[in-house]
């Protein structure tokens, strides 16, 4: 599983969704599986069902269309029969392709909504920043990526936050990252 898939799964779990990730569906008679779905999330309070497929590929749009059509088609075919078997099959499935970029002239891929990794991370960052400092409202430790974002954006305490702002404002930090 990729770091991006982990972040997506943590974020949706943190929001209260039931999560299934890296689910193989459509067992083939000769062995193997028809497809693997990256992240499926269901909010039992709102009934929102979302299938997220992140990718950092450099394929052409035609190749992406072909690949994502298979993924999203398999999800529609198997979510209710193999994954969330207790859900009403009439439940709407929001499908999202999370890509490196989101071209201005393209909002869909294989019938799914396109969002960029940057757009997703910006949304997550805003929610994490809204939690405030770690000392007063720590994101639970079972979400290590989200908690790391909280620490990096909000700090542990108010004192730490003020010190961090001071250092960023008055210290040229760029030379600290030359070796990265």
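Nothing in this text is a laboratory measurement; each read-out follows from the coordinates by a stated rule. Keep in mind that this is a model prediction, so the values were computed, not measured. Cβ coordinates were reconstructed from backbone atoms using ideal geometry, including for glycine residues, and neighbour counts include every protein chain displayed.
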If you average the alpha carbon positions of segment 67-122 and of segment 6-24, how far apart do those two centres end up, in angstrom? 14 Å
What ranking of 7, 49 emerges when the number of other C-beta atoms within 10 Å of each C-beta is taken as an exposure proxy, fewest first? 7, 49
Likely footprinting exposure, 30, 51, fewest C-beta neighbours within 10 Å first: 30, 51
For segment 3-129 the mean separation of alpha carbon contacts under 8 Å (6+ apart) over residue count, i.e. relative contact order in percent, is 20 percent
Options (1) 168; (2) 98; (3) 214 - which one matches volume of the Cα convex hull per residue in Å³ as calculated here: (1)
Calculated [θ] (222 nm, deg cm²/dmol) that DSSP helices of n ≥ 4 give over the chain, each run adding -39,500 (n - 2.57): -12000 deg cm²/dmol
Pick out which of 106, 125, 67 has the largest mean-square fluctuation in a Gaussian network model of the chain, springs linking Cα atoms closer than 10 Å. 106
